[in-house]
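Input: a single structure, listed below in C-alpha cells.
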Amino acid sequence: MKKIMFYCQHLLGIGHLIRSMEIVKGLPKDFHICFINGGEVIEGLPVPPMVEMVNIPPITTDVEFHKFLIPGEFQTLEEVLEARKNQLLKILARLQPDILMIELFPFGRIKFAPELIPLLEQANKIGTKVVSSLRDIVVSKKDQARHEETVCQLINNYFDMLLVHSDSSFIRLEESFSRINDLNCQIFYTGYVAQQVPEIGAETKLKIQAKKPSILVSVGGGRFGHELLDCVVKTAPILKEALPHHLQMFTGHFVPKEIWAKLKNLTADQNNITIERYTPYLLNYMQHSDLSISMSGYNTTMNILMTGVRAMMMAFTGNGDQEQTIRVKKLEQMGIVKMIYPEDLKPENFAETIVNYLQYQPVVSKFDLDGVEKTAYYLQSLCNKIESVT
C-alpha cells in the first residue's frame, strides 16, 4: 500500500481545505492517506474512509490578515509552530510516506516555514518524494522579487514535483509567478479541481426544487462577503415586487454571530428569502438555481463552471489580494459570468441588475475540470517511479 502524507493549512476561508480534500477523495482506494489539517476543524466535513485525519493545533487569522490567531493553551506563534513541527515529524517517522504533498507552500504560507522546512529536510533524508499542490493564481507580495527568489530556492532544494491545479489554456502560472523557468522540479498542469454534484434522496431533491425561480446566495466559509449578504437581504423586498422568486442564502460556517443576527432580523418578515449557515448540497442547489450570487473563490468558481449556472460574482480584495479579481474578470470578459463591484451594492440598482441578468444566456464554458483525476494520475506515476527504483 502506497502512503501519502498531505498537509493543508487553511486560514481565513475553507477553500484550500475543500480543494485538498477533493483531491484525496479521488486518489486510488489502495492508497493510505494521512491528511494533516492545520486550520480550524470543520464539523461535518466528509472524510473518505481510507483517509486518516489528523487535526494539529489550529492556526487561523483575522479577516484582514493582520495577525494570526492561535489556540488558548499557547502563548506565542513560535510556541505553537514548535509544537506542530514536533507533531509533524512524529507523523512522518511513523508513516514513512512515499509522498509528502504540501498545499500552497512555498508559493504561500511562508510564515509556516519554521514547521515545514524541518519536515521537508527529514522527508528528503528518508527518501520521501515531495509534491507542491498549487491553485491557479499565486497571491502577489510587496517584495515580489524577493518572494520569488525564496520560492525558487525552496522548490529546488526540497521538491520533486509541482502540480498546478489550473487549465493552462485559461490561466498559466507565469501570469502570477514570473520565474517558472527557474524551477528545477517536474511541473504539471492538472486541470481545475472541481467537486462532483453529490447524489441526493428524493426528499432533499423536492426541497431544493420546490420554489422557482430560485436565486442562490453564498459566500464560502463566511468570514467575509458580509457586505454582499447585507445587500441581498435589503434587495429582497424590492425584488419581490419585480419578480416572483425565492432567495436561498447560505452564510457559511464562520459568519460572525452579530452578522447572523442582523441578517435574520432583517429578513424576519420576508417570505421570499431563507437563510441557513451551511448545506452539504450546495452544488445541488446551484444545479437547480436560475442564478447564483457569490464570491469568486476558486472552489465556488469551479462549482459554477461545473453546473453551468448563471452567475454574478464578487471578488474578495482584502490584504491587497487580487487572485479572485483576476479570475472573475477573465470569466466576465469571456461572457461566462457577471462581475459584482462594490459600487453595485445598492439595493435598488442590485434588484434591477438581477432582473436584467436573469434574461441573459451566459456563454457555455469549456474548461479542463479533470484536476482530481489527473492529480491522481501524476501521484500514481510518481509512486510507480519510486517502486521501480526500489
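Odds and ends about this structure:
- Every residue from the stretch 349-390 that is closer than 24 Å to Gln195 by Cα and either of a type in the set (Asp, Glu) or without any contact (Cβ under 8 Å) to a residue 60 or more places away in the chain (or both): Gln361, Pro362, Val363, Val364, Lys366, Asp368, Asp370, Glu373, Tyr377, Ser381
- Residue tally, condition among the aliphatic types (A, V, I, L, M), surrounded by fewer than 20 Cβ atoms within 10 Å (Cβ to Cβ), in a helix (DSSP H, G or I) and touching a residue at least 12 places away in the same chain (Cβ under 8 Å), over the stretch 230-262: 3
- Residues of the stretch 44-84 that are in contact (Cβ under 8 Å) with a residue 24 or more places away in the chain and charged (D, E, K, R): Glu64, Glu78, Glu82, Arg84.
- Only listed residue being surrounded by fewer than 16 Cβ atoms within 10 Å (Cβ to Cβ), at pLDDT 95 or above and β-branched (Val, Ile, Thr), chosen from Ile117, Ile171, Ile155, Ile126: Ile126
- Taking helices (runs of 4 or more DSSP H) as the structural unit, those lying wholly within the stretch 272-344 and holding at least 2 residues that are surrounded by fewer than 23 Cβ atoms within 10 Å (Cβ to Cβ) and of a type in the set (Asp, Glu) correspond to 323-333.
Per-residue answers, yes or no, for (1) closer than 30 Å to Ser381 by Cα; (2) touching a Cys at 6+ places or on another chain (Cβ under 9 Å):
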position: Arg19; (1), (2): yes, yes
position: Gly26; (1), (2): yes, no
position: Leu45; (1), (2): yes, no
position: Ile70; (1), (2): no, no
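- The set of residues from the stretch 366-377 being within 20 Å of the chain's Cα centre (by Cα) and of a type in the set (Ser, Thr, Tyr) comprises just one member, Thr375.
The values are calculated or read from the model by the stated rules, or taken from the named source; none is laboratory data. These numbers come from a predicted model, not from an experiment. Quick reminder, even Gly has a Cβ in these numbers, built from the backbone with ideal geometry, and neighbours come from all protein chains shown.
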